[in-house]
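To start, the structure itself, in structure tokens.
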Amino acid sequence: MAAAVGNGHACCKKGPGYATPLEAMSGPREALLYVTCVYTGTGIEKPDYLATVDVDPSSPNYSKVIHRLHVPYLGDELHHSGWNSCSSCHGDPSAERRFLVLPSLVSGRIYAIDTKTDPRAPSLHKVVEPSDIAEKTGLAFPHTSHCLASGELLISCLGDKEGNAKGAGFLLLDSDFSVKGRWERPGNSPSFGYDFWYQPRHKTMISSSWGAPAAFTKGFNLEHVSNGLYGRHLYVYSWPGGELKQTLDLGSTGLLPLEIRFLHDPSKATGFVGCALTSNMVRFFKNDEDSWSHEVAISVKPLKVQNWILPEMPGLITDFLLSLDDRFLYLSNWLHGDVRQYNIEDPKNPVLVGQVWVGGQIQKGSKVLAEGEDGQTWQFDVPVVKGNRLRGGPQMIQLSLDGKRLYVTNSLFSTWDNQFYPELLEKGSHMLQIDVDTEKGGLAINPNFFVDFATGPDGPSLAHEMRYPGGDCTSDIWI
């Protein structure tokens, strides 16, 4: 039987996070960022680490790494992260946003990191071993972690320990990080795993699908797509029951659906998923008869190119997020190299209002050329920041609570980094900050902010997901 999940209800008592998304926008400005940093797959035989970055403009250490917490083991590939408690627990005064949860995508370990004792220098609290997870659930390759209003933790897993996607499912941990079991009911596991988001008022959780770990861990091979080793579906579950109610086939326009977000307003029954390979933002929405549908809301057109592995290059949408007031959607095109801002006040008709190039395959100085319909070739002009040429392409993004600052890192996954941007393994990642116009729309690189992950004591590292100690746009869910 699937383990039961408490739903919880917010009330006048104060727990972690904020009562509403709009209240969160008035929260304090971020002063620290926690960033997962990877040595796995780079050739440097050192454990991955969690970096603490000073993002306080009044600090003498502004835009610098001030602490590195190295995990105990080699070969983890720290990737995404989540909190033990968030705004879904706001009605529980006994709950505390204290532990940052770090699933290791390759090894399968899950680390609980204490950020409360010293926020500037987090410490290791507990390790959940992959053998314990596999023995009790059969799951491996953990990815996305969300806290639940019950105090439990739900983590999506992408396959079994052999890397078969058919082993995908959802791991449930208790508040002490002990394995409880699978969340979904027996026989209700998804065909592929990746990201998920739940919306309790609509009694729904929806998950997305990357691919079989046995395929994507070896690098991207287009033949694996045609061989059925990558996903194109969304899986609609009852919440909190764990019954698979509907499978949405996104078809040829929805290949590799990755990050998924409902609107922050918990009363709204709609959201978006970024489909990487076809570079479409797909909107999903609830129908009157309690079923769900989908439609393409944003399309990033592929570019005709020269001197690349294919004659056309997709944008490759690898991350996106929504502002807390649900006014703006931001996405990153890892291959093209641009970050975009869309006004989504009408979710059916997003409007592009901001765009900035911060790297990519087609930046000036690259061997890759874009070709127009007239046969003329061109490249994107990418600025130098604090004397640094921008490398790689924009990947993970995180938005300040007030929506005015967007942080960007550039590592996707070590194997894919090595395939598409080998320079990242030689020189490491970097982090940028983009100033956001929240009135009319518009994006501009902050010329005074540049975090260089080339300069660590153990050599260059790959920086991925970012979290604020006080919560952020992509980890907090309201009930």
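The values are calculated or read from the model by the stated rules, or taken from the named source; none is laboratory data. Given the structure is predicted, the values throughout are model-derived calculations rather than measurements. Virtual Cβ from ideal backbone geometry, glycine too; neighbours counted across all protein chains shown.
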Here are some conditions: (1) closer than 23 Å to residue 272 by Cβ; (2) surrounded by fewer than 20 Cβ atoms within 10 Å (Cβ to Cβ). Residue 218 meets all but one. Which one does it not meet? (1)
Going through region 117-131 one residue at a time, which ones are in a loop (DSSP other than H, G, I, E, B) and in contact with a strand residue (DSSP E or B) (Cβ under 8 Å, 6 or more places away or on another chain)? 117, 119, 120, 121, 122
If the requirement is being of a type in the set (S, T, N, Q) and crowded, with 24+ Cβ neighbours inside 10 Å, which of these qualifies: 87, 59? 87
So residue 470 clears everything in (1) crowded, with 23+ Cβ neighbours inside 10 Å; (2) under 17 Å from residue 31 (Cβ atoms); (3) within 19 Å of the chain's Cα centre (by Cα); (4) not hydroxyl-bearing (Ser, Thr, Tyr) except one condition, right? Which one? (1)
Scanning for something among the aliphatic types (A, V, I, L, M) and free of Cβ contacts under 8 Å to residues at least 12 places away in the same chain, does region 366-375 turn up at least one residue? no
Residues in region 121-141: is at least one within 19 Å of residue 70 (Cβ to Cβ), among the aliphatic types (A, V, I, L, M) and touching a residue at least 60 places away in the same chain (Cβ under 8 Å)? yes
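Yes/no matrix, rows are residues, columns are (1) modelled with pLDDT of 95 or more; (2) of a type outside the set (Gly, Ala, Ser):
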| site | (1), (2) |
| --- | --- |
| 134 | yes, no |
| 141 | yes, yes |
| 160 | yes, yes |
| 163 | yes, no |
| 166 | no, yes |
| 170 | yes, yes |
| 176 | yes, yes |
| 181 | yes, no |
| 187 | yes, no |
Exactly one of these conditions fails for residue 379: (1) touching a residue at least 40 places away in the same chain (Cβ under 8 Å); (2) farther than 30 Å from residue 121 by Cβ; (3) touching a Ser or Thr at 6+ places or on another chain (Cβ under 8 Å); (4) among the polar types (S, T, N, Q). Give me its number. (1)
Given the conditions (1) more than 30 Å from residue 162 (Cα to Cα); (2) touching a Pro at 6+ places or on another chain (Cβ under 7 Å); (3) outside any loop (DSSP other than H, G, I, E, B), which single one is not true for residue 85? (3)
Regarding residue 123, is this residue within 17 Å of the chain's Cα centre (by Cα) and of a type in the set (S, T, N, Q)? no
